[in-house]
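Visitor: Mind having a look at this structure? Questions to follow.
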Amino acid sequence: MSPLQTVDWLIIAAYFAIILGLAWWIIRKRQNTTADYFLAGRHLGWFIVGASIFASNIGSEHLVGLAGSGATDGVAMAHYELHAWCLLVLGWIMVPFYMRSKIFTMPEFLERRFSPQARTVLSGISLIAYVLTKIAVGVFAGGVVFAVLLPDINFLGMDSFWVGSILVIIITGLYTVLGGMSAVAYTEALQTIVLVVGSALVTIFGLSYLGGWSELRSIAGSEMFNLWKPLVPEGVEGTWAPVKEAGKMAWYFNDNYPWLGMLFCAPIIGLWYWCTDQYIVQRALSAPNETEARRGSIMAACFKLLPVFIFIIPGMICYALAVSGRVPVLQQELLGSDGLVIRDNAQQAFPLMVAHVLPVGVRGMVVAGLLAALMSSLAGVFNACSTLFTIDFYSRLKPNVSQERLVWVGRIATAVMVLIGLMWLPVIRGGKGLYDYLQGVQAYLAPPIFVVFFAGVFHKRLNAKGCLAALYTGLALGIMRLAIDTPVKLATDFRYAEGSFLWIVNNVFFQYYSLMIFLVSLAVMFIVSYLTEAPSYEQITGLTYGTITDEHRRTSRASWNKWDVVSSATVVVLILVAYITFVG
């Protein structure tokens, strides 16, 4: 039986009416050019840019996966959420290069810095990554939410999980395909407000139901409030197990997050995601100038400080309510016979809180916020996919095609990507958890992309051959790990022979494997570049720090003032405060 009452449904209906009304208002505007459809005509203001970046990021993996991680591991995964500083790197370091080059896509920037081949390779990697992570994960989370809130639905032999997954795609796809980037950005700005308010209510009512913050700390224990120690049961000593007990292979267990891996691997993934991923950076590219793009990035950094408190903490509250027995249904759904949280069930933590802790009326508003996150995240990736395929592949194969034709092709590309994402769902259902799955895949695909962008911007001597070698090498290593991991995820009874090469690769911490990919890709890029001819510095003028002109410096300096610096410094201080707070 659905936990939603009539008043909840009325609130949800009102939310959909407002979203569809806003989308229709945008759709009515003619969008016949690629700049209009894919970059909203480059007219988005800084608040819309910031809110759109945040809403695109905060989707299924947070509402379902991050809250589930809070229920099992406490604040350990807050490392990824405290990477708001990466958005400052986007605004202050990368945005000047992107805005100066007037690009549509991130692969297009690589073409200007390196070569057309680099653009093609990155476009292909990005599309693969979107299928494996953003599209499939978004669809999966929509199914999880519907399975909890509407468990009795059954249509044409499909349970509520599949009905919800498909329904989320159809609703989101309609306004995304028709309205393009403008519809996505403006609806995301509204969805950000609904999402933040709704999720904050879960924290507020959850703490009230539990008995306050002190009660949460008492039940959850200091370990769940420690950013570092829970990551490896043996603490710092566990990190050196590979050295001390190499013969016993004591370091290959990947059920936890090693602090050393998190310290060095998480920033690589964060900088790749926030500074080089089309899915995120496309919003900054939609700003009219460097000033608006930078301020939008700073605004997004401010928003990014919230997830620890509105997603992870609710997951921990759900855990506390379950183990204390104050909400019997949570105890039944989350805990096993041994009294420990069942990891696969933990990803229901957030929707379970909504269904069984919130009062009527408030529940409807929070469900609206939950749906806002699912829809905004999917809308963003739909638009990013269509942009990459249309601009980086189709328009290069058909250079004389009309602008209207390119827009039409982008819409078709979106539909195809969605179907592929649906087919990948069984792999995610077989994994250890939504957030584990997401971070693992990103850790395998991100390092070579991070290397070619940041090394390319900071070092003018690196050339196209080094870039391609790094991309191919890193991609091969990442796909190898994915290929080895996938059979284990698909078949619950499948395991590699203990001690074999495949077993070692499958069980090594994914953060350590990611660091290996990073180091190998970086070494390959430098070695190949220095063994081959130097790039034409005239061709890459303004695309690296070593080729910036005095005019470029003056233009960039004129784009910011002291308040931009103050707001950025405030974000950094708040991040440090969070790290100091969550140390046990």
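Taken together, the values in this text are just the output of simple stated rules run on the coordinates, not laboratory data. Everything quoted here is computed from the prediction, not taken from an experiment. Using ideal geometry, Cβ is built from the backbone for each residue, glycine included, and neighbour counts are taken over all protein chains shown.
Visitor: Taking amide hydrogens as modeled 1.01 Å from N in the peptide plane, which residues meet the under 5 Å criterion relative to Leu335, leaving out close sequence neighbours?
Guide: Hits under the 5 Å cutoff: Ile342.
Visitor: So who's got an amide H within less than 5 Å of the one on Asn226, skipping anything under 5 residues away but keeping other chains? H placed 1.01 Å off N, in plane.
Guide: Correct list: Val75, Gly584.
Visitor: Mind listing the phi-derived Karplus ³J(HN,Hα) values for the range 211-221, rounded to whole Hz, using 6.51, -1.76 and 1.60 with θ = phi - 60°, and x for any glycine or proline?
Guide: x, x, 4, 4, 5, 4, 5, 5, 6, 6, x
Visitor: Determine, for each peptide in 511-518, 111-118, 384-391, 68-75, the mean count of other beta carbons within 10 angstrom over its residues, then list the peptides with the highest first. The partial results should precede the final answer.
Guide: Values: 511-518: 22.2, 111-118: 20.0, 384-391: 26.4, 68-75: 28.6.
Taking the mean over residues of other Cβ atoms within 10 Å, the ranking is 68-75, 384-391, 511-518, 111-118.
Visitor: Another question, if that's okay. I'm checking a number: the convex hull volume of the Cα atoms of the range 474-550, normalised per residue, in Å³. What is it? Mind dumping the intermediate values first?
Guide: Details: hull volume 10.3 nm³, N = 77.
That works out to 134 Å³ per residue.
Visitor: Output the pairs from Lys102/Lys304; Lys134/Lys460; Lys304/Lys460; Lys398/Lys460; Lys398/Lys465; Lys304/Lys465 with a Cα-Cα distance over 29 Å in this structure; if there are none, say none.
Guide: Lys134/Lys460; Lys304/Lys460; Lys398/Lys460; Lys304/Lys465
Visitor: In terms of modelled amide H atoms, which long-range or inter-chain residues lie less than 5 Å from the amide H of Lys460?
Guide: Correct list: Gly546.
Visitor: Let me ask something additional. Which listed residue (Ala322, Val381, Ser297) has the Cα farthest towards the positive end of the charge dipole for the range 259-404, taking +1 on Lys and Arg C-beta and -1 on Asp and Glu C-beta about the Cα centre?
Guide: Sorting the options by dipole projection puts first Ser297.
Visitor: Sticking with this structure for a sec: Give a residue-ordered list of calculated ³J(HN,Hα) values for the range 12-28 (Karplus: 6.51 cos²θ - 1.76 cosθ + 1.60, θ = phi - 60°; whole Hz; x for Gly, Pro).
Guide: So the Karplus estimates, Gly and Pro as x, are 5, 4, 4, 4, 4, 4, 5, 4, 5, x, 5, 4, 5, 4, 6, 4, 5 Hz.
Visitor: When the Karplus curve 6.51 cos²θ - 1.76 cosθ + 1.60 is applied with θ = phi - 60°, which whole-Hz ³J(HN,Hα) does each residue of the range 113-123 get, with x for Gly and Pro?
Guide: Each residue's phi maps through the Karplus curve to give 7, 10, 6, x, 5, 5, 4, 5, 4, 5, 4 Hz.
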